[in-house]
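Bear in mind that the values in this text are calculations on the coordinates, not laboratory data. Just so you know, these numbers come straight off a predicted model, no measurement behind them. For neighbour counting, all protein chains shown are included, and Cβ atoms are generated from backbone atoms with ideal geometry for every residue, glycine included.
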Amino acid sequence: MFSPSKYKEIQENCLKCSAELVAVTKTRSLDELQDLYASGARIFGENRVQELIEKKDLLAQDIQWHLIGHLQTNKVKYIAEFIHLIHSVDSIRLLEEIQKEAKKNSRIIDVLLQVHLAQEESKFGIKEKDLDEFMRVLVSLDLSNVNIKGLMTMASFTEDKEQVRAEFKKGKVLFNHLKSKYFSSKSDFKILSMGMSGDYLIALEEGSNMVRVGSLLFG
Ligand SMILES: *Cc1c(COP(=O)(O)O)cnc(C)c1O
């Protein structure tokens, strides 16, 4: 069940750090999403395209929908018309597809590059060692309908808070590195999306300015 007091507390912690809160609504019922909306939340994050579009059609039109989970290239077309931010870009092929669909819709789509920093093996996220090569290819493409707004990363799933902190520190270092090397200071490369229910306070301390919180909102 949605907890308005938890929402308020998390929102206040974000405000203190000038960070934005993405309310992660995956697996939650429409009633829960409506309660969240009634509390003032307008940024909703989902990790599956199908679930996102089903919910979107049934809820208020002023919600900003963020896709936070892995995105298959063949699903970009379903969200291109309205998606506010895609957090999970981790391949050149996906970027090219987003460019194509954004253009079709006469839009510029905002995206984050997902970097893999956690200890767990994962197919998703650009590995740190591959980042510069990724950027080298990226800057050679026509991405006039894609706006690269920053980085997203997830910390390891562990009780070891120092491990989590070290990974978030690394996220911030990589963010600064990419910003200074590939984006001008006037660019929109400004978002560092890191922190979830279990670690968002550590993420805020380490420089996150966008947290993605789900379970903690729902008691
Ligand atoms: C589910 C999810 C979250 C939120 O996780 P909680 O632990 O429920 O806060 C954040 N980011 C991504 C990418 C997710 O899939």
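What is the distance in Å between the Cα centres of the stretch 1-60 and the stretch 177-219? Here the two parts' Cα centres lie 17 Å apart.
Could you tell me which chymotrypsin sites (Phe, Trp or Tyr not before Pro) in the stretch 112-214 are loop residues by DSSP with no more than 15 other beta carbons within 10 angstrom of their beta carbon?
Here the chymotrypsin sites (Phe, Trp or Tyr not before Pro) that fit, given the DSSP loop and packing criteria, are PHE124, PHE157.
Modelled spin-label separation between ARG107 and LYS127, with each label point placed 7 Å from Cα along the Cα-to-Cβ direction: 3.3 nm. Check each of the trypsin sites (Lys or Arg not before Pro) in the stretch 145-219 and keep only those in coil by DSSP with at most 13 other C-beta atoms within 10 angstrom; list them in order. Sites meeting the loop and neighbour criteria: LYS186, LYS190. Each residue of the stretch 132-146 is assigned a 3J(HN,Hα), and the resulting list reads 5, 5, 4, 5, 4, 6, 4, 5, 8, 8, 7, 10, 5, 10, 10 Hz, derived from the Karplus form 6.51 cos²θ - 1.76 cosθ + 1.60 (θ = phi - 60°), x at Gly and Pro.
Residues whose amide H comes within less than 5 Å of that of ILE109, counting only those at least five positions distant or on another chain, are VAL146, ASN147 (H built at 1.01 Å from N in the peptide plane). Entry note, the chain: the mean residue ellipticity at 222 nm calculated from DSSP H runs of n ≥ 4, each adding -39500 (n - 2.57), is -11500 deg cm²/dmol after division by the residues and rounding to the nearest 500. What aspartates and glutamates sit close enough to LYS103 to cross-link, taking a C-alpha to C-alpha distance under 14 Å and skipping anything fewer than 8 places away on the same chain? List returned: GLU81, ASP142. The string of couplings for the stretch 206-219 from the Karplus curve (6.51, -1.76, 1.60, θ = phi - 60°) is 9, x, 5, 10, 8, 10, 10, 10, x, 3, 4, 6, 10, x Hz, one whole number per residue in order, with x for Gly and Pro. Estimated from the Cβ-Cβ distance and a Förster radius of 35 angstrom, the FRET efficiency linking ARG136 and GLU205 is about 0.60. Sparse packing (at most 11 other Cβ atoms within 10 Å of the Cβ) combined with a DSSP loop state is found for the following GluC sites (Glu not before Pro) in the stretch 110-151: GLU120, GLU121.
Length available on full extension from ARG48 to GLN119: 0.36 nm per residue minus the Cα-Cα distance, which gives 23.2 nm. Straight Cα distances below 21 angstrom link LYS179 to the lysines LYS127, LYS129, LYS149, LYS169, LYS170, LYS190, with same-chain residues fewer than 8 positions distant left out. Note on LYS56: lysines with a C-alpha under 18 Å away, same-chain residues under 8 apart excluded, are LYS26, LYS75, LYS77. Taking amide H as placed 1.01 Å from N in the peptide plane, LYS127 has its amide H under 5 Å from the amide H of HIS116, each at least 5 places away in sequence or on another chain. Here the simple spin-label model places points 7 Å from the Cα toward Cβ, and for LYS181 and LYS161 these points are separated by 3.2 nm. Close amide H pairs (under 5 Å, H built 1.01 Å from N) link SER156 with GLN119, residues at least 5 positions away or on another chain.
Go through the stretch 18-34 residue by residue and turn each phi into a ³J(HN,Hα) via Karplus (6.51, -1.76, 1.60, θ = phi - 60°); whole Hz please, and just put x for glycine and proline. Those phi angles translate into 6, 9, 9, 9, 9, 7, 7, 10, 4, 6, 8, 7, 4, 4, 5, 5, 5 Hz.
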